[in-house]
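Just below is one structure, and these are the notes that go with it.
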Amino acid sequence: MDQRFMQEALLLAKKAAEQGEVPVGAVIVKDGKILCGAHNLRQTNGLATAHAELLAIEEACRILGDWHLYGCTLYVTLEPCPMCAGAIVNSRIDRVVFGAKDAAAGCCGSVLNFNHYPFNHAFELHGGICEDECRAILQEFFKEQREVRK
């Protein structure tokens, strides 16, 4: 089941890449069904906070009419950064499934793990789902970006 939902997040990541955005996609699932999905829009919107996870969390809150996202799982192609991990804690998402690790800013085990701190909420965590695909789309994107800059 995790692979199926991660594939949906990967489709959104590919859409982001097509728009010149860092290819990160996220979907939020509740009761075995996708509530919503989003991809990075930082370049498009000119906003540092327009990460896939935050956009998906905002949409899920609108759909559910509540900021509590109990019973929800977030699938994201890249390990959440500190900002996104904070939003996960604050929205009370129960479970996070990510693809590729982020050695530069990952806060679900790479740089640090938000679950190791005494916040008022912790989430179940599973990393490395479809990791090779998630990493490959990022590597290809940045390779192309470097070639454009040459």
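The values are calculated or read from the model by the stated rules, or taken from the named source; none is laboratory data. Computed from a prediction, not measured in an experiment: that's the story for all the values here. Cβ placement follows ideal geometry from the backbone for every residue including glycine, while neighbour counts extend to all protein chains displayed. Remember, those area values only see protein heavy atoms, side chains included, never the ligands or the DNA or RNA. Shrake-Rupley method; radii C 1.70, N 1.55, O 1.52, S 1.80 Å.
So the values come out like this:
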item: Residue in the range 59-76 that is free of Cβ contacts under 8 Å to residues at least 40 places away in the same chain and within 23 Å of Lys14 (Cβ to Cβ) present; result: yes
item: Pick from the range 38-62, criterion among the small types (Gly, Ala, Ser) and over 30 Å from Glu147 (Cα atoms), ranking: farthest from the chain's Cα centre (by Cα); result: Ala60
item: Search result, residues across the range 110-126 that are open to solvent by 90 Å² or more (accessible area, probe 1.4 Å) and in a helix (DSSP H, G or I); result: His116
item: Filter result (open to solvent by less than 50 Å² (accessible area, probe 1.4 Å) and more than 25 Å from Arg4 (Cβ to Cβ)) within the range 95-109; result: Ala105, Cys107
item: From the options His51, His126, His121, His68, residue that is touching a Pro at 6+ places or on another chain (Cβ under 9 Å) and modelled with pLDDT of 95 or more; result: His51
item: Test: residue in the range 127-147 that is free of Cβ contacts under 8 Å to residues at least 60 places away in the same chain, open to solvent by less than 50 Å² (accessible area, probe 1.4 Å) and farther than 17 Å from Gln3 by Cα; result: no
